[in-house]
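These notes concern the structure reproduced below.
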Amino acid sequence: MRLIALLLAALLVPVPTAGAAQDDTAVHVQAGAFRDDRGREVTLRGFSVSGTAKLAENRGLPFATTADARRSARAMKEMTGANSARFLVTWAWVEPEPGRIDHAYLDRVTEQVSAFTDEGILVYLDFHQDLYSRYLFNPDSWYTGDGAPAWVVRAGGYPRESCGLCVHWGQNMKSNRAVTDATYDFWHNREITTAAGPVRIRDAFLRQAGETLRHLRANLSASAFRLLLGVDPINEPYAGRYDAGQSSTDWERDLLWPFYQRFRAVMDAEGWAGKAAFVEPLVFWNQNVESFAEPGGFPAVQHLGDRYAFNSHFYDGRAQSGILKPGKAKDGEYSADFRRIADRATALGTTSIVSEFGHPVAGYTSDKTPTILKAIYQSLDSRLSGADWWARPADSGPALSGSQWHWDVNHGRHRELMNDNPNKVKTDGDAMNDEHFSAVRLDDAGTPLLTVDSRLVDRLYPLAVAGDTVAFTYEDLARDGSTTPVWNRVPATMPAVRALVGGGRYGVLVWRSTGSAPTELHLPRTFTTTTVVTDADATTTGDRLLLTASDGLRFALVANTPASPEQRAAAAAELRDWVGRTNP
């Protein structure tokens, strides 16, 4: 390695401005990773947009206007460095009457998706549902849902809904007979009688999905469509109930997986063949509340491959209960959970994404949010805890992709008639089942503000790696009240690196470089001073650090601290020795 390259970099960078080095390169699944057209390994980071799409106030759209969508997309990019968004659409608004597609709604969807792609943000669609449909719920119900249209529910003839003694809306999935019966009917493709004649429920869903994909393909610009990653066919699937003798993994194999194969065929027929289906297993497969957990994750499915991505959610249900998990998250809290997600994807011959994660930002248990989000992002960044990372970087693996739930500029400003009841106007939080998850809100002047510490969501991360990531870590120094937990301390055996990092934020990337395209990392906008120690050629453009290197094992330390030439030289020598010792 060239010593002059090792010493390259005390890049004193002004506050980064987003969007200075935008790419319009497509991203697809290839050989177990998301990769762009230049063969670089891509990490997707961003948010779902948004919970407002589950409500009626904007008629199933995340934003009231396209102008709002543009402001939101720009704010997301500038405030968090997001490179992707999961965009919600809902069957009830696509097909409000049997056989009639609302193309005006799809026009607005197209415009709002374009607001994100115009910012260079990659987008994947999510056909969302929660508790099957809002139309199952009584006007005075404690809960609500979204998903299927009113005409499907009316024709189903379901019993009056009741969850009994439920303390969380998710319990309706197993305890509300109206929800379980309707969900069961969907998976069994029940025939119902509608004003337009007999219809099979699941077939109708697939038809409206095809119409949606056709509309977007025809009406998005070529450059916008290029930035569409694919489709999440259905949010949080579950059986409703099982047939006699049927297990949860049988259900995945015999009903869920064939549905995804049919959805994949719809994508292909509508011009989406080059884009991935982001398929979720049974929602309960990785639930950490034992009474709710069920086996899943497609163990009875042999292979997904490059036309699919393994798509999981993760929430700490025990922490949300406030009872089952006292205290806060700690270093490595979720390492095993996220290794499990990555390992299932590998076993299925594809890559993974965690398309929902988060924790309430206000209300009950929100005191846990800083450490829970820190621990989740830590586990997205690396398979290891901070305590283990420096000793075993070869076991760290590539960073996982993820979309935090959620980015809703309407948070706390809603006016939702819950279940169309004018006497139950919801304005607080997310206006959906008493949730408070949005990472953003607007102040009285309409300026976007984060609801969480910016250091949690505006992170150093590898946007695109020319080759394969061996290890990545980032110590964000996010605050937890009056304290600052530090989970990844540089070991005392590397005193020069430790001194250079000091009390600042830092990240380390180790990768096996191939190809001539640069490796790119997002620089947080609060990195007002950036020191880079690397054996690659380093430059910055806007909010990106570009590292260009010949083939071989490479490293880069990026710290939010100043450093002298002597400090950089000593740190470079230690890093070079460490990489050689720990990465055979």
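The values are calculated or read from the model by the stated rules, or taken from the named source; none is laboratory data. Small disclaimer: the values here were computed from a predicted structure and weren't measured. Reconstructed Cβ throughout: ideal geometry from the backbone, glycine too, with neighbour counts over all protein chains shown. Side chains included, ligands, DNA and RNA excluded: accessible areas come from the protein's heavy atoms. Shrake-Rupley method; radii C 1.70, N 1.55, O 1.52, S 1.80 Å.
The set of residues from segment 168-201 being in contact (Cβ under 8 Å) with a residue 40 or more places away in the chain, part of a loop (DSSP other than H, G, I, E, B) and more than 14 Å from Phe137 (Cα to Cα) comprises His168, His188, Ala195, Ala196.
Within segment 88-110, being part of a helix (DSSP H, G or I) and either under 18 Å from Leu131 (Cβ atoms) or not aliphatic (A, V, I, L, M) (or both) holds for Trp91, Ala92, Trp93, His103, Tyr105, Asp107, Arg108, Thr110.
Counted as qualifying within segment 523-584 are the strands (runs of 3 or more DSSP E) with 3 or more residues that are open to solvent by less than 20 Å² (accessible area, probe 1.4 Å) and modelled with pLDDT of 95 or more, namely 531-534, 552-559. Filtered by the rule that a residue be of a type in the set (Gly, Ala, Ser), farther than 30 Å from Asp118 by Cβ, in contact with a helix residue (DSSP H, G or I) (Cβ under 9 Å, 6 or more places away or on another chain) and at pLDDT 95 or above, segment 194-250 gives Ala204, Ala239, Gly240, Ser248.
Inspect all residues belonging to segment 291-305 and state whether any of them is under 19 Å from Val123 (Cβ atoms) and among the charged types (D, E, K, R). There is no residue in segment 291-305 that is under 19 Å from Val123 (Cβ atoms) and among the charged types (D, E, K, R). So is Ala204 more than 27 Å from Asn433 (Cβ to Cβ) and in contact (Cβ under 8 Å) with a residue 60 or more places away in the chain or not? For Ala204, the condition - more than 27 Å from Asn433 (Cβ to Cβ) and in contact (Cβ under 8 Å) with a residue 60 or more places away in the chain - is not met. Report whether or not Trp511 is modelled with pLDDT of 95 or more, touching a strand residue (DSSP E or B) at 6+ places or on another chain (Cβ under 9 Å) and open to solvent by 20 Å² or more (accessible area, probe 1.4 Å). So Trp511 does not fit the description; no. Scanning segment 230-268 for residues that are small (Gly, Ala, Ser) and either at positive phi or under 24 Å from the mean Cα position of the chain (by Cα) (or both) turns up Gly230, Ala239, Gly240, Gly245. Scanning segment 279-295 for residues that are over 20 Å from the mean Cα position of the chain (by Cα) and of a type outside the set (Phe, Trp, Tyr) yields a count of 6.
Would you confirm whether any residue within segment 57-76 is farther than 20 Å from Asp381 by Cβ, hydroxyl-bearing (Ser, Thr, Tyr) and buried (at least 24 other Cβ atoms within 10 Å of the Cβ)? For segment 57-76, residues farther than 20 Å from Asp381 by Cβ, hydroxyl-bearing (Ser, Thr, Tyr) and buried (at least 24 other Cβ atoms within 10 Å of the Cβ): present.
Of the numbered conditions (1) closer than 22 Å to Ser355 by Cα; (2) hydrophobic (A, V, I, L, M, F, W, C); (3) in a helix (DSSP H, G or I), Ala85 fails exactly one; give the number of that condition. Result: Ala85 fails condition (3) only.
On inspection, Tyr242 fails the criterion of being assigned to a helix (DSSP H, G or I) and either open to solvent by 20 Å² or more (accessible area, probe 1.4 Å) or not hydrophobic (A, V, I, L, M, F, W, C) (or both).
The lone criterion from (1) surrounded by 20 or more Cβ atoms within 10 Å (Cβ to Cβ); (2) touching a Pro at 6+ places or on another chain (Cβ under 8 Å); (3) more than 23 Å from Asp430 (Cβ to Cβ) left unmet by Gly156 is number (2). In segment 439-447, the count of residues that are assigned to a strand (DSSP E or B) and open to solvent by less than 60 Å² (accessible area, probe 1.4 Å) is one or more.
Only residues that are closer than 22 Å to Thr534 by Cα, in a strand (DSSP E or B) and polar (S, T, N, Q) were counted in segment 454-494, giving 2. For segment 107-136, the set of residues classified as surrounded by fewer than 21 Cβ atoms within 10 Å (Cβ to Cβ) and either closer than 29 Å to Arg160 by Cα or touching an Asp or Glu at 6+ places or on another chain (Cβ under 8 Å) (or both) consists of Gly120, Phe127, listed by residue number.
Any residue in segment 248-261 that is in contact with a strand residue (DSSP E or B) (Cβ under 7 Å, 6 or more places away or on another chain), touching a residue at least 24 places away in the same chain (Cβ under 8 Å), surrounded by 17 or more Cβ atoms within 10 Å (Cβ to Cβ) and within 28 Å of Pro370 (Cα to Cα)? Looking for residues that are in contact with a strand residue (DSSP E or B) (Cβ under 7 Å, 6 or more places away or on another chain), touching a residue at least 24 places away in the same chain (Cβ under 8 Å), surrounded by 17 or more Cβ atoms within 10 Å (Cβ to Cβ) and within 28 Å of Pro370 (Cα to Cα), one finds none in segment 248-261, hence no. Evaluation of Thr483 against the conditions (1) within 30 Å of Ser141 (Cα to Cα); (2) at pLDDT below 95 shows that the sole unmet condition is (1). Taking the stated definitions as given, is Gly271 out of contact with any strand residue (DSSP E or B) (no Cβ under 8 Å at 6 or more places or on another chain), at positive phi, surrounded by fewer than 22 Cβ atoms within 10 Å (Cβ to Cβ) and without any contact (Cβ under 8 Å) to a residue 40 or more places away in the chain? Taking the combined requirement at face value, the residue does not satisfy it. Just one residue in the set Asp453, Asp428, Asp420 is within 19 Å of the chain's Cα centre (by Cα), farther than 16 Å from Ala75 by Cβ and surrounded by fewer than 20 Cβ atoms within 10 Å (Cβ to Cβ); that residue is Asp453. Can you find even one residue in segment 388-403 that is farther than 19 Å from Asp331 by Cβ and surrounded by fewer than 21 Cβ atoms within 10 Å (Cβ to Cβ)? Yes, because at least one residue in segment 388-403 is farther than 19 Å from Asp331 by Cβ and surrounded by fewer than 21 Cβ atoms within 10 Å (Cβ to Cβ).
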